[in-house]
Amino acid sequence: MMDIRWENYVWKEPRPVASSELERLEDMWQVALPGEFKRIAAAHQGMAPEPCVFKVGRGANVFSVLLTVTRDADRASYSIQDSYDLIRSHVPSGIYPFGKTPGGEYLCFDYRGAAHQPQIVLVTVEMSVLPVANSFQELLEGLHDD
């Protein structure tokens with residue numbers, strides 16, 4: 001697996017997430033978030049992965065930022081909850097955002113198939129849902145430079 005470096009994006013310094021915040025998110029959505037996501041979000045919320053390119057369909061896109069679990073009113077557009085509120089009435093139930101692309105699209109967990117192992121999908125600006133990876137781990141392992 002290629003090493004991923006996490007670079008500051010939303011804030012000037014890392015802002016670790018308390019496990020209670022991740023538990024609150026799981027309770028709100030009634031899901032069990034993938035362990036690898038919780039581990040990474042706890043240390044790297046609001047940060048950008050490098051490398052950051054992922055395959056989608058026959059093309060590629062860029063994972064520009066891991067959305068924030070901690071809500072910051074000044075950075076609400078990067079909040080998981082605000083992003084979910086924005087897309088939830090436009091996508092099927094069971095799809096939850098965790099990342100954003102430069103074009104304003106969302107990388108999301110898709111719990112429609114399995115409650116314990118969500119697939120990864122891209123929700124486009126047109127609110128189309130495109131498959132990306134079978135798991136969060138697979139998404140990370142597939143990140144590459146362009």
Query raised in the report: Which of the peptides 124-131, 64-71 is most tightly packed, and how do the rest follow, judged by the mean count of other Cβ atoms within 10 Å per residue?
Result: 64-71, 124-131
Report task. Given the options 48, 133, 32, state which has the largest fluctuation in a GNM of the chain using a 10 Å cut-off (strictly under) for Cα springs. Result -> 32
**Report entry** Cβ-placed point charges (K, R +1; D, E -1), dipole of the stretch 1-132 about Cα centre in debye, nearest 20
**Finding:** 200 debye
Report summary line: Checked the stretch 31-146 against the a/c 1.5 cut and the a/b vs b/c comparison, axes a ≥ b ≥ c from its Cα gyration tensor; verdict rounded
Query - Heavy-atom accessible surface of the stretch 19-146: percent carbon and sulfur, 1.4 Å - result: 48 percent
Query raised in the report: Shape of the stretch 1-49 from its Cα gyration tensor (a ≥ b ≥ c, root eigenvalues): rounded if a/c is under 1.5, otherwise prolate when a/b > b/c, or oblate?
Result: oblate
Query raised in the report: What FRET efficiency would be calculated for the residue pair residue 12, residue 39, taking the C-beta separation as r and a Förster radius of 22 Å, to the nearest 0.05?
Result: 0.45
Report task. Considering the convex hull of the alpha carbon atoms of the stretch 1-87, report its projected area averaged over all viewing directions, in nm², one decimal. Result -> 6.6 nm²
Report task. For the stretch 24-119, calculate the relative contact order in percent as a whole number, restricting contacts to Cα pairs under 8 Å that are 6 or more residues apart. Result -> 22 percent
Report summary line: Result for the chain: accessible area per residue, probe 1.4 angstrom, in square angstrom, of 51 Å²
**Report entry** FRET efficiency, 1/(1 + (r/R0)^6) with R0 30 Å, evaluated for residue 74 and residue 127 via beta carbons
**Finding:** 0.65
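The values are calculated or read from the model by the stated rules, or taken from the named source; none is laboratory data. Computed from a predicted model, the values in this text were never measured in an experiment. A quick note on method: Cβ atoms are made from the backbone with ideal geometry, for glycine too, and the neighbour counts reach across all protein chains shown. Just the protein is used for accessible areas: all its heavy atoms, side chains included, with ligands, DNA and RNA removed. Shrake-Rupley method; radii C 1.70, N 1.55, O 1.52, S 1.80 Å.
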